[in-house]
Structures are given as C-alpha cells and as structure tokens.
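> Sharing a structure here in structure tokens format.
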Amino acid sequence: MHFENQPHIPPATPGGSTASFTSLDIPHRVKKNRGNYNCGRCGLPKKGHVCHLPPTSTTTTTPTQTPTDSSVSVSNSTSRPPPRQQYSNLRRALSFDDSDLRCDSPEVEIDESEMDLFGSGCGKLPVSCMWEILRRLPPAGLLAAGSVCKGWRETSRRLWRAAEELRLRVPPRSQPGFVGSVLQKCPGLSRLNLRLESDLDSTMFACIAFSCPNLEVVEISTSETAVNRITGDELGRFVADKRCLTSLKMEGCSNLGGFVLCSSSLSTLWLSDLYCLSKMVFNCPNLKEISLDFSRQENDSTDLIAMVDGLGRSCPRLQNVHVASVRLSHAAVLALTAANLRGLRMLSLVLGTEITDASVVAISQSYSKLELLDLSGSSISDSGIGMICNVFPGTLSRLLLALCPNITSSGIQFATAQLPLLELMDCGMTICDLSSQYPTSDESGDFELQTTFKNKLHLIYQKVIIKHSRLKKLSLWGCSGLDALYLNCPELIDLNLNSCKNLHPERVLLQCPSLESVHASGCHNLLIEGIQSQVSNNFAAMENQFPNKRLADGSKRVRVPQFLSQQPYDEDKKRRRIASRPCNVLVD
C-alpha cells in the first residue's frame, strides 16, 4: 500500500486498524513536498503539537498486523546502556555518562521511523551502537556528525545533554557566541576546562556563567598571546552566583585589581599572575586549598601580610597553602603562623628571599604535622634544614629547597639521613659554581664582594652521598658545583641531573635498581655515556646474578651455574621481569 497522494497519515482510532510502514515506504516519506509540516501519525500541525498516538512498527515479516502489534515502544526495541560510571582518568575531550534512552517526554522520543535512519547499506545500526560510537568523538567531530541525518542529529543532541565534562580550546579571534553555542548544548555540564587562545573579557565570562548554571569545577588557562581582562568585581559575582562551585582555577589574573570572594561551597582556589591587588577578602569557610601566584615584578604593591592574616581568620579549614611572590618576608610568615591553621598539611612559600632560618623556627613551632614543605627561593641555610629534620621526622615526605644559595651538600645529606619518610627532594640550583657566573652591565659594583662571600661559604666542588630506602624522586638540576655523586636508593625511579656540568663521570655511582629515567640535559657527553653504561651494567648484573660458593678447601669462591642453584623459580622470574625494564637517559 502506497500513500503518494496523501499529505499525511489518517488518524488511527483505538478500535480500528492502523497503517503499518515497512522499509520500502521510507523513500516516499522522504520525498514528500516541502511545506508539509503535519504530524505523520495523527495529521495535526506539528507546531506546538504533542502526538498522543504510539509510534508505528517497522516489522516486515507479516503484511497485516493487529492493533496490539502496530506500535513498539523504545524500551523493547533498544537495549539500555550500562549504568553510570565515574571517570577518574579522562582520555577524551568530551566525557559522557551513559544516560537512559527511554524517555517519557515526547520531545526526546525515538520512534521506529527514526531508527530506520540509522540504517547503513543492507544492515541497520542499533541506537545503542550509534550512541557508543558518537560518544567517543571530540567536540568538533560530534558537531559535524549532528549534520549528517536526523537520527545522528538526535543522538548527538542526547550526547550533548548528557555531557558532564567539557574540555574546549577556543581559537584566536573567536566570538563569545561560539563558546555560548557549544555550552548551551550541555545543560547538565558540571566540569568545564577552557584553553583560551583569544582574549577573555566580561562578555565571554558572562556567557559561561549564563550557559552553565550548575558548574562545579572551572579551569581557565590562557595562551601567551591571550589576555585575561576579568576584573575583581566580575570574578566575585561569578563565584557568588555559582552555588555549586567547588573548584576554580584561572590563569592570567593581572587585571583583577582587588576582589571579594564569598562562597560556602568553594574548596579549591588557584589564581595566577596576580599583580598589585588593593584588597583580597576571602569569605570561604570551606576552602581547603589555595594557590596564589603573583607576578615577578619588583613594583608589586600587594600587602601580603594583610592577605595572610585574612586567610587565617576567614578560612579556618585550609590544608594546602601555596604563595609565590618576591615580596614574601619573615613578617608574612609570622602572620601565617599566628593564624593557627590546625589542619595545615602542605605549605609552599616560594621566591621569598627574606625568608630565613628564623622563619623556619616559626613554622616548626606552629605546624608540626606538615607533609610537604616548599621554601624554594628562600635564604635558609643548613641550620634551617637541621631544624626541619628535628621537627618533621615522622610526617615530612616532600621537601623542596630549590634556588636556595645558602644550602650546601652537607645540609642535603643531613636531610636525607634524618627524614626516613622522605619520597621527593628538590635541591636544584643549590650547589652552584659561582666562578662561572658573570655579572651583567647593569648590576651594582658590590657584586664582587657578594661573590667573594659566597665563594667562601660554598666549596666550589662538593660531593653528595645519599643512602635512603624510600626516596623516589631526586632533583639536582643546575648544581654546577657538584663534582661527585653516590646514590644507594633502591626505590628511586626518577633522577634529574640537568646542567650538572662539573660532575665527573668516574665519580658517579648509582645503586638504584628501580631507576626508570635519568635527566641529563646540558651535561658533558662523557658523563652521559658513563651513566648509560653504568645503568645498563647494573641491569645486566641483576639478570646474571647467581649465588657464589667456596670450594671444598676454602681457597676461592666460584659462581654456581643456574641449573645447580637452589633459588626458587619465582624469585628468578621476578628478577628477569625487573631486568626487562631498562632505564632511560633523557638528554633533550
């Protein structure tokens, strides 16, 4: 039965039979004249219309059907996807949670005629398979797939509506409407990661706030050519309006000027490139982690003492604090210790040249349960390291002391010997050969006196001997004054020796069976070759390790062949597995 001359299907009555379409009838439906916008089941105009009739069946096995077989629901024709899953390690630009294809709303209903549009060639692709294919596409591919046909457009629309995380790169010279058109497709979006290559202004920021009312995590990073023009007032309104916001990370915040943040849900706050802030008010009682990275300019007028004092009074639950500024001083450390943050576990005060051993005393007296301490760029000495070792032997696992010119190899060795839980240590640019550094033309005349004093304080060529059972990562980058290195660390997996120019190849001994990577950029070729040969020899020795026994007369020791050894098979297999993982020496 053909319906070429009929503009629509006549309405079906409960007592009568209904028309049944087969796959052969699809071309006639596709070729109907333009302008006919009537419902294909009841004949009423489609505008503002919700059809009350069930969808028709596409079964082709019987020419005539009874009224009970004339419609098939979506729940019987498609299989439900697996339940919702949590994605811990995201590998795609878009990550979707599986949503239910059965919908009671007529707006998203899929009938059998729409399912026919998924057919390809002589076979048909089920809706669940199409869902699994499209959900693995990046945003650009998903937008292109939505313009293929009606069925693909419907499935892509469902995918956009089910998206909970979106990672989007905004190209240069993009309009706010581009970001808004993408974000409006995801009403359930809770995590947004934007990589901006164009400027971020108030219009685009308002578009983000309006399109995503239920955001929980926001990360905005900018390229080198992009400018962040958001002001402090706009940032404060954004945080206050987002009642579900728990994490905010933003780069390029040089135009804030000052801000007032009020939120009862915010727990993580990262702001970078801050400059000349007139006021900083944090009214976030549930804030647990804060990172404030200021610009490196000397004329920064931000009052860090007032900022730290306000943090202690309004954010009592802080656990991780990171502040990077050249204006950090001992007074700011005293203000932080007076805040009495009982839950503080990680403290990072970077680039504060006025932070001395007295600051270490204040920190150790107020916070005795630190797990991470980062004082890179400070002026602490070996005495400060001794105080750190006396206070944190049972808790400290990560110690970062890069760019500290007053630290010698003795302090480094003492720290590794007195901190048994230490897993990461960064001592980059601490042991430097100052004789290779030359002053620039704009430096003052007292540079020679300063260099002479530091040369007396440091031995130009020093050696480091470390024996530690739990150390996993060690960084000695830029230690040009290091001449010899002896390591006995069975758990060490990463070693950074970049720019260790004076390290002698014959004075390097690495007894680290778990070592996976050694960074040796900027080192001499002889040192690189010596490290490579030593690492390869260590693994070869592990692979050919057999027990030795003395002869009957006790004259000498001989190696027992493998077939005569008493070692169990499991240990030999384990040793071979370890030996099959060679260490990589990274030069570039």
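Bear in mind these aren't lab numbers, they're just calculated from the coordinates by the rules spelled out. Keep in mind the model is a prediction, meaning the values are calculated, not measured. Neighbour counts are summed over all protein chains in view; Cβ atoms, including those assigned to glycine, are modelled from backbone coordinates with ideal geometry.
> Kindly give the semi-axes, whole Å and largest first, of the ellipsoid equivalent to segment 176-265, taking each as the square root of 5 times a Cα gyration tensor eigenvalue. Can you show the working numbers first?
Numbers: eigenvalues 67, 60, 24 Å².
With the √(5λ) rule applied to segment 176-265, the semi-axes are 18, 17, 11 Å.
> Turning to a different aspect of this structure: How would you classify segment 225-337 from its alpha-carbon gyration tensor, with a ≥ b ≥ c the square roots of the eigenvalues: rounded for a/c under 1.5, else prolate if a/b is greater than b/c, otherwise oblate? All intermediate terms of the calculation are to be shown ahead of the outcome.
On the way: a/c = 1.78, a/b = 1.08, b/c = 1.65.
Taking the square roots of the gyration eigenvalues as a ≥ b ≥ c, segment 225-337 is oblate.
> In addition: Could you work out how far apart the two model spin labels at residue 517 and residue 395 are, taking each label as a point 7 Å from the Cα in the direction of the beta carbon, and quote it in nm?
3.1
> Please report, for the Cα atoms of segment 158-203, the Rg to one decimal and the Dmax as a whole number; what are they, in angstrom?
For segment 158-203, the Cα-based Rg and Dmax read 10.9, 31 Å.
> So, one more: Mark the label point 7 Å from the Cα of residue 262 along Cα→Cβ and return the residues of segment 302-325 whose backbone N is within less than 16 Å of it.
Residues passing the 16 Å test: 314-315.
> Now, a different point. Could I have the simple spin-label model distance between residue 219 and residue 291, label points 7 Å from Cα toward Cβ, reported in nm to one decimal?
Each label point lies 7 Å from its Cα, and together they span 0.9 nm.
> Okay, next question. Students often get this wrong, so check it: of 249/473; 288/473; 369/501; 288/501; 185/279, which have C-alpha atoms separated by over 31 Å? Let's see the in-between values first.
Working: 249/473 27 Å; 288/473 26 Å; 369/501 37 Å; 288/501 42 Å; 185/279 37 Å.
Among 249/473; 288/473; 369/501; 288/501; 185/279, the Cα-Cα distance tops 31 Å for 369/501; 288/501; 185/279.
> Could you work out the relative contact order of segment 270-361, using alpha carbon pairs under 8 angstrom and six or more residues apart, expressed as a whole percent? Display every interim value, and only then the final one.
Numbers: 167 pairs, mean separation 26.5, N = 92.
Contact order relative to length: 29 percent.
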